[in-house]
Structure formats: C-alpha cells, structure tokens
1. Since A:G353 meets every condition but one in (1) of a type outside the set (A, V, I, L, M); (2) in a strand (DSSP E or B); (3) at pLDDT below 80, which condition does it not meet?
2. Against the condition among the charged types (D, E, K, R), within 32 Å of the chain's Cα centre (by Cα) and buried (at least 18 other Cβ atoms within 10 Å of the Cβ), how does A:E108 come out, does it pass?
3. Identify all residues within the range B:657-670 that are more than 14 Å from chain A (Cβ to nearest Cβ) and within 10 Å of B:P338 (Cβ to Cβ); write none if there are none.
4. Checking B:S605 against (1) part of a loop (DSSP other than H, G, I, E, B); (2) crowded, with 20+ Cβ neighbours inside 10 Å; (3) away from every other protein chain (no Cβ under 14 Å), which single condition isn't satisfied?
5. Only one of A:V358, A:V291, A:V337 is more than 12 Å from chain B (Cβ to nearest Cβ) and within 26 Å of B:P668 (Cα to Cα); which?
6. In the set A:R311, A:R303, A:R273, A:R319, which member is more than 14 Å from chain B (Cβ to nearest Cβ), of a type in the set (D, E, K, R), closer than 21 Å to A:A369 by Cα and out of contact with any Lys or Arg (no Cβ under 7 Å at 6 or more places or on another chain)?
7. Among the residues of the range B:258-275 satisfying the criterion of being more than 19 Å from B:S293 (Cβ to Cβ) and hydrophobic (A, V, I, L, M, F, W, C), which is least open to solvent (accessible area, probe 1.4 Å)?
8. Among the residues of the range B:356-363, is any away from chain A (no Cβ under 14 Å) and under 15 Å from B:V670 (Cβ atoms)?
Amino acid sequence: MSQVQARFFTENKKYLIDDVPFSIPAASEVADLSGVINKLLEAKNDGHKHVEFDFLVRGQFLRTSLASHMEKENISTEEVVEIEYVEKFTAPQPEECIMHDDWISSVEADSEWILTGSYDKTARIWSMEGKAVMTVAGHTDVVKDVAWMKRGENLQTGSLVVNDWNSERNKVEARHCCRGHAGSVDTVAVDPTRTKFCSGSWDKMLKIWSAVPTVEEDEIEEPNRPRKKQKTEQMGLTRTPLMTFSGHNEAVSSVLWVDAEELCSASWDHTIRLWDAETGEQKSTLTGSKVFNSISYSPLCRRLASGSTDRHVRLWDPRSKDGSLVLLSLTSHNGWVTAVRWSPSHEHQLVSGSLDNVVKLWDTRSCKAPLYDLAAHEDKVLCVDWTENGKAIFVIILTCLDLKLNYHYPYV
Amino acid sequence: MWCGNIRRRSAGCQQRGFWPSFLEASVKNAHTISSQSPISPSPPQSEQEVDKISLLVFITFSVRSQDIRNTVGNIPMEWYKDYPHIGYDLDGKKIFKPIRNKDELDEFLDKMENPDYWRTVQDKMTGADIRLSDEQVDLVHRLQQGKFGDVNFNEYEPAIDFFSNEVMIHPVTNRPQDKRSFIPSLIEKEKVGKLVHAIKMGWIKPRRPKETTPQYYDLWAKEDPNSILGRHKMHVPAPKMKLPGHQESYNPPPEYLLSEEERLAWEQQDPEDRKLSFLPQKFACLRAVPAYSRFIHERFERCLDLYLCPRQRKMRVNVNPEDLIPKLPKPKDLQPFPTTQSLVYRGHSSLVRSISVSPSGQWLVSGSDDCTVRFWEVSTARCLKTVEVGGAVKGVAWNPNPSICLVAVSYDDTVVLLNPGLGDRLVCTATDQLISSYEEPEEVMDQSVQWAVAEGEGHEQGHRLILKHPKAVRQVTWHGKGDYLACVMPDNGSSLQVVIHQVSKRRTQNPFRKNKGLVQCVSFHPIRPYFFVATQRYVRVYNLIKQELTKKLMANCKWISSMAIHPGGDNVICGSYDCRLAWFDLDLSTKPYKVLRHHKKALRSVAYHRHYPLFASGSDDGSVIVCHGMVYNDLLQNPLIVPVKVLKGHTITHDLGVLDVTFHPTQPWVFSSGADGTVRLFT
C-alpha cells in the first residue's frame, strides 16, 4: 500500500480547494499533507501565503503517518478517504506575567480586566496589560473564588462569606455580604442573566443569592449575633440566601450554571449533580470514583469536563440520565487535575491545570495526547481561565503558586 | 351271549398266545357251542425246564386280568387262607379250594413220574393245577428270549418314507387350499396393531441406529500406574556410555588436538573439573597406539556408575508453592485505597512528629521539632497558619467534635489547647466562649496539673489553655465526644503516667493508682467507656465506669510503639519497634489474630480509617504500608487482612523515616509525616 485516494475538504472558505480525489502516498505525514494543500492553494490564487494545516480523518487528528493512523482506526484503504483540514493552531507562548504577593486561588478574566482572588485575603483587578487596576481588600479570610457579576461594574468574591462588590473605575465598595454558609465558600458562579449567583461551600450546601443591586435592600437584623452585625455595618449589607440546595454528602468543590435554569455542582462525595435552579430539585447525578476538583461546561458542545484527584480529565454528557457515563478520558497529567476550562469559542478545546505544574491544552478530537503542554510553571497550578480578547485572540490565564504570577498565553 | 363275550375276550387273549388253563373246563363245556376254539390243551413236548417261579409270577399276572370265574377281585389270596373256599363264582356260590393232600413225597413222586410236571402250574384264584399247553410254553419261551409274543409279527418290515426331502411332483395329499390362507389373519392383525401402537407411543424404537463404537471392557482403564503391576512401566534403563567421538580417535582432526596452552590449562585443572579425561593424541597408524593406561580405571568407574545408578523412579510430591499461599483477593478488587503521592506539605524545618486532620477533613495540623505547629489546607497543601510554641512538639490532636475547634498540642511538659480559627467563624467563637465561660469552682482541688488561660501574645496566636504537667508529655489523644483529653507521660515506675483531663470543667484525673511498666500510648474506645493503655509488651483494656481491668492483650513483641482502635471498637492494631504489626480481635483472643511483618524497620505509627476498611502503618524504613482490613458484622467470620500498597516518598534522615500516619476522615487518603520535615498525602 503506497498510495491512498483522499479527498480534502474544509469548513474555512478562505482555503477552499477543488473537490477532487487525490492520490497521495500513504506514508505521508501532517507536514507533507500541509505542503500538498499549500501547493494547491498557491496554484489557485497567487497571493497565497504559506499556512500550516492540521488534518482530521473521521474526526480524529492525524498525528502519525496516514497509513498507521488508518490502520489504527480501522479505516479501509480501498475507498476514498475524506480528510478535513483546518488551520493549525500555533503553540501558545507566554507573553506576560503578573507578580502577585501570595498564592492565587482563582482567576476570572473579562475582555478588559482580569480578576484574581488570592490567599492574602484580597481580590485584585488587573488590566490586560498587567497593570494592577485595583485591590479589593475587605475579606477577613482567604479569597477562594471570584466571579464577574457585570462587566466593569460588579464582582463577587467568595471566602468564608460571600461578598458582592461594586467596582467603579477607581473605587470599590462592598455591596453585600452574603452570610449563611457554615463552612468556607469554595466556589461561586453567576447565572447567565446576571441576576443571581450560586455559591458552593464546604458545609455541603449550595446556596443561591440574589445579585440585583437594590439600594433599599433591607438589612436583616440578627439580634442574637451582635458581632456579626458590626461586621455587616462595616462591609455593607447582609443578604440571606434565596434558596439552599442540600444533597451532597461532602464539600462542594465547584459549581456552575448550565443555563439560566439549570445548575451543576461537583463535590468531594464523587458526584456531579444537576439541579433545577427554580425548584431546587435534583435532576440527575453523575457518579465518579474520585473527588472532583473542578468542572466546566461548554455550551458549544454541551459537554461537562471534570478534573478530579487523579490524573484524568473526564468528559461527561450532563443530559444522560443513567448516571456514570464518561464519554472520554483525557490522560496525560501526572498529578491531580485542579482546574479545567472549556474554550469559550472553540467547541473542541479545553485547558486543564494540574498539580504536576503543567497546563495542557486539549482537543477532544485527539484524545490520546494533548495539543500542547504549557510547562512554564514551577509550581502547582490552581486555576486557569480563557479570555476573549478582540475577535479571535484568546488568552489563557493561569495561576501558579510558586512564583505568584499570572501568565498570559496569546493564542490565535 | 355270555359265551360270545367270553369268545371276544379269549380272542384278545389269543393275540397274546395264552389261554389260561382254569378256563379249560368251561371251555371244554362250551365245546359244543364253539368247536373252533383255537386252543386245545395238549401236553407240552418240550424237554426244557421251566422256571416255576417265573411262570407263577406270569400266571398271577394273567389271572389278574383274565379271571372270570372268581369274583373276589384283585385281592391278596392270603385273605382266603383260612377258609375252605377261595372265592365266589358268578352265581354267588362258593368256589371251594381243591383238596390238597400231597406231601413232599407225593410231590417228589409226582415230579419223578408225571412228565407234565414241569408244565403244571397252580392257579392262585382257584387253587387248581393247570397244565400249560405247547403254545403257551412256546409263548413263555419266546417272551423269555425277548421276542415278540406273536410268531407272525415281522418286526423288520420295509419302511416307506412318505415325507422325504425329495420334492414330489404331486402333493402327498390332494387337499384343496384352506380359505383362511386367502384372508388376512385376525390374530396377526391384532399383533401388528399392538406393535404399531407401541411404536407410536415410543415404547419401541424401530430402526435404532446401531452403535458403531465397539463395546468392550477396557481392562487397563483404571489401573494405577504406581501399583506393583504397573512397576514394569517404570523401567529405568542403565545409563549408557558415551560413544567415542573424534577426540578418542587415534588420528583426530587437527582441531581436536589441544594446543600448548590448552594442554597446560588441562594439566593444571583438577582431574574432576576436566572436560576431557584424556589428552587427544595423534598417531601415525593404529599399530603405534599404545595400551590405554586408564582402561582398568575407566572400567571400574563404569561398574560404579551401573552399581550406583538409580533403580527406581522416586515419586516426589510436587507441590506448587502458589497453592500454599492462602487465597487472598487481589488488591485491584479492594479499591479504593491510596496509591500515589499527590501532595507534599513543605514548610517544617525539622522532623514532623505528629499530624492530625480536622473532623471535616479540610485542614491538617502538624507538629514538628522546630517548635512550630502548622495548619494546612488539605486540598492545596497551603500552609494557612504557623503557631510557635515553646518546645519541640511531640503530639498534636484535633478535637473530633465538629462543633468545637480546638487542637491539643503537647511539647515538653506542657499541653496547649489551640484554637486555630479555621473554618466557620461561628464555631470558632463558640469554642472561645466555651473556654471563657468557665467558672472557677468554690473548692479548689489539689491537682497535679496546672491549668492556665493563655493571654497576650499567646492568645493572639490561638493559645487558649495551657496545662503544665509534672513531666514531659509524649502523646495527647481526645475522647470521641471531644471533652476528655488523655495525656501520656512515660516514666517507668511512676504512678503518674496517664492523666485524663476534662476540658469543660478543667479537671484532671489520674485514673490509675499504679501503672505497670512504661506506658507507650493510650486510646479511648470509640463507642464504649473503655480505655486502652499500651505498655511495652501488653495492651490493657480498662472499663472506665466499673474502674477495672477488662482485658490484657499480649502483643507478643518486645516494645509496642503505637496503637489504633478500629472504629467498630472490637479490633486493635499495635505497631512495635521490632518491625511487627499485631492485629487483635478482642472477641477472639488476647493474643494477636494476625502478625504482619512487612516493614524492614521499626514501626512508628499505625492508623485505622474511619469508614473505609483500611489501615496503615508507617515505619523507619521510610514507607507507609496500607492494608485492607475488613471487619465483618458476622461474628463467625474473621477479619480479612490484605496488604494492598507500599507507599514510598519520605527520605530517611537520621535513621528515621515515617513518624506518623493518619487517614483523611472521609476520603481514602492517607497522610504521613516524616523525619525529612514534610507531610505527604497519598491518594
């Protein structure tokens, strides 16, 4: 077998070539195929610049030679092989690092600003260029998770109490202090309509709070807690939860909104639970075998990705009712996977950070190995996030313990 | 008519050629009626003597069937012996016996004179003498010779073979064929019907295929090859001699001849080690070959070989060593258990003697020889707090009550109760309130331990209560409810080795008036009011309510280092400095149920998991061994103990490896603290 009949196609209109089957050597690899496509494109239009392509055979990235790939995937060599080609993603490069004084527990990026929560009991806002815009001090304990409430206006931090902040250009004011959890709040998530947010805590509870900034918010007096009252006067108004979901047997480690009505939470009791945000009912349970550290949901491909206290990133279908159904396991890390995050604009890509100091960029179409390893860190990775910057440039932000800095990876 | 009757009868008699003489008279009377009587009495002409006795018998027989005159019938004639008559005739008149007055002489004379004497017989029925005729005598003769009575009877008539094997043209009989040969037989129809019914019912199977396999009895099928009969199969042939090769040739190819060095090496070798027992030599011709000097020697060796060769094949019992190992489940099936090192908690600068996990499992406290106590976040290995104390920390213990946030730390002769201020603020403040709400009792008891409230800088750091002991405290342990705290002050021979503090009342008790031996560690029973005290060689179980010794466990080792109680309370493990881990089943015996010797060096610490069937042991060899220890509710089933994993990670410093192990309260994770100043989490 020396020649294979192949037909190339692409979704990208810019790189369209004629829909004719070609006979190509079976031993050709990605670089060879890329050269073929470039030659064809040059022949078609003169002003073509050389572009590196990546190739997909039946939805799987081509990583070895075409012959061995087809043998592994059991594809017949007799027929015409349909090969999709896409523009190759370039390896993300570290662009900038922002020094932090202490460990960064969480990060959430906006198109303009980056919000970080730190173990030094502050949350900070940074501009994309790496300049500190603001420091939000006011927490009495470690900030465990942060979330943007409304772009440029509100942000929300969670530690032992959940605070709601109103940030204007140079002024930060604590909006609400949401009290009610009996354990440390590990995770907060704002719903898509930006009117509510949910918090998950070590006390096994999920609580939903209102995020609507009402000036005439009634301050709830708690006569039996005089000390707390003093605090609330300092920090703003105290809020009580709208709703409390209990059902987890262990600490809630991660929570997110699947859509405006549905809530998903991952816990140390080895389960991911889906909740109806309106009624508070538990819709379904996905059971794993290890403690979940982090989950992420992609509305593009409608999959849940979970990082747990083993080496695997697992993909789940949240709509499956029968519980434990792992669609895919991505295994390459050597330590606990502490953070996973789907790409906001690409349905196949996700990024995962692990305690083995490596951040990996995955494509679900090549599940055997990650696309790229981002190994510029020297200590544990606790959180990662993507940001949308402009139209097509994405920056992966990740945090590291040791050097206390943020890396920006521009990523086209 | 009567005569006719007689005649008919006499005709029957005539066929036999005999006519009884006693009828003679009547026959003579009847001569007139039938002159053609076939028998006319005539004197016998034969000179032959007739045996009288046989004749008499014969006549008796004849009379029996021929008597017509005497009507007495066939009776013994002796019955009439004493009567004058001998019977009755047809008319019913007596037949008188003839007068017999012959004596022996008359008999003799008669015999001499009467020529017919030999043919005269006496008729028994009538008693008369009868003279046999010639025919009669002839008949008697013929019968005596075994011939037919009838003279004219031809016994050799020619035989006609009617039903011969020869096929005849015409049938023997000209009988027409029967009708029944043309119509179906009802009987046969009935028989066939029965067979058809039997076939239909399956009682008979027609056309059953014949079994093609030969049916024979396998005589040797069950024969035991080891039996005496089977011995001939175990024939061991005598060892064969090796055939000579090229080396033995008188003219070997040059490559078989030894070079000079090889020859030297050969000569220096021990005769037993030599590959060849001779030196190959080359001769010009066979005649030049000298006598072989080792011939006798080799013959002798050969004889020895034959003499000493094995005669019998020894049947050795082949035991697979795998079979001797007890069947244990595979560790793979016993998951979950910790397998890999996940996190390292770095920060201490000296050996970490003791660790403890908060009841929620969120925080970890570690006490080290660098005089600090550190609080860690379990999930990230972040050191949240460092508290300095005034000495090398020997023991830390987190209060197991989730509503109290207190950590007991022991260093030197002091036990400090710390409030780390972690977790829910309400719990922390409630704990502080609980401690500050103590009211001094009216009568001050004289206690051996001084209680003091921390103030100033110590209070800022989290110190709440300081307990000054008379001696150095080695171990602190909480009761499950979180109010009582037991401290161990090992001191041989002292009566004050174990004290139990009650935190809420700030009271100290010395539960034992006298301690036997050096107390190593103590522990509360998780459920019942028992108290375990481990001395060097024994573990004593005390009932705290009855205040008596309940059990004394003999650990069977030299020096117990550590002890852990199963959450069910019926099982205890003890680690010892002589590398052993002893598992006691309290219901079973006071001796160890199982002793595990997996560690290479002294065990420093043992721990049970609260929920999972796991226990772990840390040792000076730097390893933590995790075992699956399943305790069944069924009292009849013994605990199942399977070592599942050896966890390595700690570096050995100053000959010390792992100093303390403890399990996470909810997850199957194990923490270990080592002499290298790190705490490691294995998941």
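1. (3)
2. Values: among the charged types (D, E, K, R): yes; within 32 Å of the chain's Cα centre (by Cα): yes; buried (at least 18 other Cβ atoms within 10 Å of the Cβ): yes.
Spelling it out, A:E108 is indeed among the charged types (D, E, K, R), within 32 Å of the chain's Cα centre (by Cα) and buried (at least 18 other Cβ atoms within 10 Å of the Cβ).
3. Taking the range B:657-670 as the starting set, the residues that turn out to be more than 14 Å from chain A (Cβ to nearest Cβ) are B:657-663.
B:F663, the sole residue that qualifies.
4. Failing condition for B:S605: (1).
5. Working: A:V291 fails: more than 12 Å from chain B (Cβ to nearest Cβ); A:V337 fails: more than 12 Å from chain B (Cβ to nearest Cβ).
Result: A:V358 is the single residue among A:V358, A:V291, A:V337 that is more than 12 Å from chain B (Cβ to nearest Cβ) and within 26 Å of B:P668 (Cα to Cα).
6. On the way: A:R311 fails: more than 14 Å from chain B (Cβ to nearest Cβ); A:R273 fails: closer than 21 Å to A:A369 by Cα; A:R319 fails: closer than 21 Å to A:A369 by Cα.
Among A:R311, A:R303, A:R273, A:R319, only A:R303 is more than 14 Å from chain B (Cβ to nearest Cβ), of a type in the set (D, E, K, R), closer than 21 Å to A:A369 by Cα and out of contact with any Lys or Arg (no Cβ under 7 Å at 6 or more places or on another chain).
7. B:A265
8. At the first step, the residues of the range B:356-363 found to be away from chain A (no Cβ under 14 Å) are B:356.
Remaining after also requiring under 15 Å from B:V670 (Cβ atoms): B:356.
Taking every residue of the range B:356-363 in turn, at least one turns out to be away from chain A (no Cβ under 14 Å) and under 15 Å from B:V670 (Cβ atoms).
The values are calculated or read from the model by the stated rules, or taken from the named source; none is laboratory data. Note that the coordinates shown come from a computational prediction; the quantities given were computed from them, not determined experimentally. Methodologically, a virtual Cβ is constructed for each residue, glycine included, from the backbone with ideal geometry; neighbour enumeration extends over all protein chains shown. Side chains included, ligands, DNA and RNA excluded: accessible areas come from the protein's heavy atoms. Shrake-Rupley method; radii C 1.70, N 1.55, O 1.52, S 1.80 Å.
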